[in-house]
Amino acid sequence: VGCNHQHGRAAALRPAVAALVTEASASRGGHPPAFWLLDGEGGATTAAPLSSWTSLDAAAKASATLVFLDPCPLADNPGWPLRNLLALASRRLGLARVKVLCYRPRPGRDPEGVELDVVLGNAAAAPAPAAAAETPAVVGWELNDKGKAGPRMMNLKSLLDPAALARASVNLNLNLMKWRMLPTLDLERIAGTRCLLFGAGTLGCYVARTLLAWGFQRMTFVDNGRVSYSNPVRQPLFEFADCAGGGKPKAEAAAAALKRIYPDVEARGVNLTIPMPGHPVAEVERAQVEADVARIEALIAEHDVVFLLTDTRESRWLPTVVAAAADKLVLNVALGFDTYLVMRHGVRATPAPESGGAAGGAGGADSSQSNPPGTKAAAMSAWPPVRLEDMTGPFALQQYLQQLIRADPGDLDTLCAVPKDADAAVWQLEHLRQFTLELNHLVVALRRVCTPAACPMMKATDEWQYLCAAHKTPQECCAVDYATHTLDGTASLLNSTKLFPSRVSVKDASLPYFQSIARRLYRIFSHCHYHHRAEFDSFERKTRLCARFDAFVRAFSLISRDQLIVPRATLAQPGAAAPEK
């Protein structure tokens, strides 16, 4: 066998091969046959099917070259199919010597070619061409897993199928986040989580796209609207064509869009109206409303997480109640013009202790005071006690004071006593901040009775009338405005980085402000006591706020005793007979 590389000749064959492909495209799907022959040389070279061998004369046969598509990439080795071509040349064509060109097309580049001069044996002893029935069986098949000769098959779907490529790319992106940033991210659990989205509007579309990006693949939309012409520009799962003919149902159009974005997602849309409280139901609509409620209960039972993404509060009520009864996780999302709200509730991650929230160990070893997911509102601050020395950070005194108030707001001596190793000035600062915070609740409780018409000026008794210092020059304000201005001004002073730059120390120059703040806050108590006694007593029984304030200003001499006009007997027993004004 003689071997000679013929790259130039292989490149010259491209026009001839192209013509052969065109001729064979009708019957072979646009691919050239595996074997063919070349008639002539140089610029006159033409490609012809191997079946045309019998029509050539002796001179043409002597100059012809057999060609086969060679899959072998090795420079000096022909591919396995050459054996069958040589067997045909010897047994059927009766050739003792043959020229062969191994044609190797390369996409985007010139083809390669290896030319061989093959001697098949003694020409004089060459056998006569065999009859068709005596054609030997071709070789080249390997035994498959069943022990039979056949082709080896390889499934390239994962490399060629666009859906499989998308799946692999998405999974790679999520796994990169897991490997680098979130080792505990459970991608299999996320992919299997069933998400129920109430609302397929702006919130619904964006939440669905975000869930898809994080690997959630099972989503159900619930909405009763249709796509309008204003929707596509704000809601990314819709387009202009969805608005035609009155608009497609939003839930179904959103689910279809998710499938177009990612074929692996299991998305469906449910066209359903959510019954809302306060909306009357006609007798003819009763059966439909009951069916809608039953459908909502069934949908929530089928899913793991419920997203409330509707436009109104009323439409969120029923899914919230049903999800709470079914012990399902609820994510309530609301969007305003310049604000937003995300609230998570419905499922406890860990069982809460009988006393409420679970934070800290025995003896208060842990001062983090955090609540596990799903803690009820009543137990939000029911933490075990923590010693002040175990608390860390600049807000330790604030946390300790609030802990004492939660434990017993009537223990006035303990509340006023400066803790060991604590700064007395900082202790007073934290008290004033706490009083300002809680007085806001008292002012809210007075909103129905302390109106500008009922209380046109701020006073306690006829002897004690007050001007509002919030104005450029002090002037009279109605009582509710005076209280509001006072609390706003006090909060501004206490949060001033110039006067109180630290929560661990207070400058001597800032101490006189304590007396001014205390006097102004006390006026709110005195007005409430003498003009709104019922509200004062009700609030005092719950919080002991005025009693705490009275004990505090007496302990630190912030207000002279002749100005403390709320009787101490009233503070000791809220609800006792009111004195005359």
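Look through the stretch 182-202, keep the residues that are of a type outside the set (D, E, K, R) and part of a loop (DSSP other than H, G, I, E, B), and return whichever of them is surrounded by the most Cβ atoms within 10 Å (Cβ to Cβ).
Ala200
I'd like to know if the stretch 203-218 contains one or more residues that are over 22 Å from the mean Cα position of the chain (by Cα) and either touching a residue at least 40 places away in the same chain (Cβ under 8 Å) or in a strand (DSSP E or B) (or both).
No, there is no match, as no residue in the stretch 203-218 is over 22 Å from the mean Cα position of the chain (by Cα) and either touching a residue at least 40 places away in the same chain (Cβ under 8 Å) or in a strand (DSSP E or B) (or both).
Hey, any hits in the stretch 426-441 for a residue that's more than 27 Å from Ser510 (Cβ to Cβ) and either modelled with pLDDT under 90 or crowded, with 17+ Cβ neighbours inside 10 Å (or both)?
no
If Gly199 passes every condition in (1) touching a helix residue (DSSP H, G or I) at 6+ places or on another chain (Cβ under 7 Å); (2) on the phi > 0 side of the Ramachandran plot but one, which one does it miss?
(1)
Take the residues in the stretch 442-464 that are touching a Lys or Arg at 6+ places or on another chain (Cβ under 8 Å) and aliphatic (A, V, I, L, M), then tell me which one is surrounded by the fewest Cβ atoms within 10 Å (Cβ to Cβ).
Ala460
For the stretch 274-376, please list each of the strands (runs of 3 or more DSSP E) lying entirely inside it that holds at least 3 residues being at pLDDT below 90.
Once the strands (runs of 3 or more DSSP E) in the stretch 274-376 are filtered for at least 3 residues that are at pLDDT below 90, what remains is 340-345.
Can Thr473 be described as among the hydroxyl-bearing types (Ser, Thr, Tyr), modelled with pLDDT under 95 and surrounded by fewer than 16 Cβ atoms within 10 Å (Cβ to Cβ)? It would help to see each step written out before you state the result.
Values: among the hydroxyl-bearing types (Ser, Thr, Tyr): yes; modelled with pLDDT under 95: yes; surrounded by fewer than 16 Cβ atoms within 10 Å (Cβ to Cβ): yes.
Taking the combined requirement at face value, the residue satisfies it.
Is there any pair with a first residue in the stretch 160-175 that is farther than 11 Å from Tyr262 by Cβ and a second that is of a type in the set (S, T, N, Q) whose Cβ atoms are under 9 Å apart and which are 6 or more apart or on different chains, and what are they?
Ala164/Ser158; Leu165/Ser158; Ala168/Ser158
Looking for whichever is of a type outside the set (Phe, Trp, Tyr), exposed (fewer than 15 other Cβ atoms within 10 Å of the Cβ), at pLDDT 70 or above and farther than 13 Å from Pro105 by Cβ here; the options are Ala48, Ala19, Ala26, Ala59. Which one fits? Talk me through it step by step, then tell me what you get.
On the way: Ala48 fails: exposed (fewer than 15 other Cβ atoms within 10 Å of the Cβ); Ala19 fails: at pLDDT 70 or above; Ala26 fails: at pLDDT 70 or above.
Testing whether each residue is of a type outside the set (Phe, Trp, Tyr), exposed (fewer than 15 other Cβ atoms within 10 Å of the Cβ), at pLDDT 70 or above and farther than 13 Å from Pro105 by Cβ leaves just Ala59.
Only one of Ser526, Ser516 is without any contact (Cβ under 8 Å) to a residue 12 or more places away in the chain, assigned to a helix (DSSP H, G or I) and within 22 Å of His441 (Cα to Cα); which?
Sole residue among the options that is without any contact (Cβ under 8 Å) to a residue 12 or more places away in the chain, assigned to a helix (DSSP H, G or I) and within 22 Å of His441 (Cα to Cα): Ser516.
What number of residues within the stretch 475-502 satisfy the criterion of being outside any helix (DSSP H, G or I) and in contact with a helix residue (DSSP H, G or I) (Cβ under 7 Å, 6 or more places away or on another chain)?
Count: 3.
Give Ala509, Ala483, Ala534 a once-over and let me know the one that is in the same structural domain as Arg448 (by the TED database), closer than 28 Å to Pro394 by Cβ and hydrophobic (A, V, I, L, M, F, W, C). So that I can check it myself, show each step before the final result.
Details: Ala483 fails: closer than 28 Å to Pro394 by Cβ; Ala534 fails: closer than 28 Å to Pro394 by Cβ.
After ruling out the rest, the residue left standing is Ala509.
Please determine whether any residue of the stretch 383-400 is in contact (Cβ under 8 Å) with a residue 12 or more places away in the chain, assigned to a loop (DSSP other than H, G, I, E, B) and closer than 24 Å to Ala547 by Cβ.
Yes, because at least one residue in the stretch 383-400 is in contact (Cβ under 8 Å) with a residue 12 or more places away in the chain, assigned to a loop (DSSP other than H, G, I, E, B) and closer than 24 Å to Ala547 by Cβ.
Among the residues of the stretch 219-256, which ones are assigned to a helix (DSSP H, G or I) and surrounded by 23 or more Cβ atoms within 10 Å (Cβ to Cβ)? Break it down stepwise before answering.
So in the stretch 219-256, the residues assigned to a helix (DSSP H, G or I) come out as 240-246, 250-256.
Within the stretch 219-256, Asp242, Lys250, Ala251, Ala253, Ala254, Ala255 meet the criteria.
Scan the stretch 93-106 and give yes if some residue there is of a type outside the set (A, V, I, L, M) and at pLDDT below 75, otherwise no.
Looking for residues that are of a type outside the set (A, V, I, L, M) and at pLDDT below 75, one finds at least one in the stretch 93-106, hence yes.
Using the structure shown, decide if Leu116 is at pLDDT 95 or above, touching a strand residue (DSSP E or B) at 6+ places or on another chain (Cβ under 9 Å) and not in a helix (DSSP H, G or I).
Answer is no for this residue.
Let me confirm something: among Arg295, Arg260, Arg313, which residue is surrounded by fewer than 16 Cβ atoms within 10 Å (Cβ to Cβ) and more than 25 Å from the chain's Cα centre (by Cα)?
The match here is Arg295.
Give the stretch 503-513 a look and list any residue that's part of a loop (DSSP other than H, G, I, E, B) and buried (at least 16 other Cβ atoms within 10 Å of the Cβ), or say none.
Within the stretch 503-513, Arg503, Val506 qualify.
The values are calculated or read from the model by the stated rules, or taken from the named source; none is laboratory data. Keep in mind that what you see is a predicted model, and the values were worked out from it rather than measured. Note: ideal-geometry Cβ built from the backbone for every residue, glycine included; neighbour counts use all protein chains shown.
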